1. If you take the beta carbon distance between SER48 and SER25 as r and set R0 to 35 Å, what does 1/(1 + (r/R0)^6) give as a FRET efficiency, to the nearest 0.05?
2. Separation between the GLN17 and SER38 pseudo-spin-labels, each 7 Å from Cα along Cα→Cβ, expressed in nm?
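Please treat every number below as a calculation from the coordinates, not as lab data. Only a predicted model underlies this, so the values are computations on that prediction, with no experimental measurement involved. For neighbour counting, all protein chains shown are included, and Cβ atoms are generated from backbone atoms with ideal geometry for every residue, glycine included.
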Amino acid sequence: MSEHSEPHESLHLTVVQESAKNYQSFLNKKKNLTEKRSIISTLRKLFSEELEPNKQHPHSADTAGFN
C-alpha cells in the first residue's frame, strides 16, 4: 500500500510547492503593479498641478507688459 501512496504524495508535494511559487510570483507582480499605479497617479497629479495655472492664464507672460 505504501508503494502506491508515495508517488501520489510526491506529486501532491510538487503541486503544492509549484502553487506556492506561482502565488508568490502573483503577489510580487500585483505589488509591483500597485506601486507603478501609485507612481503614475502621483505623476499625473504633479503634471496637472503644473498645467493648471497655464490653463487659467494661458498668456500671462504675453500680456504682462501691456497692463
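1. Numbers: r = 35 Å, r/R0 = 0.99.
Taking R0 as 35 Å, the efficiency between SER48 and SER25 is 0.50.
2. 3.4
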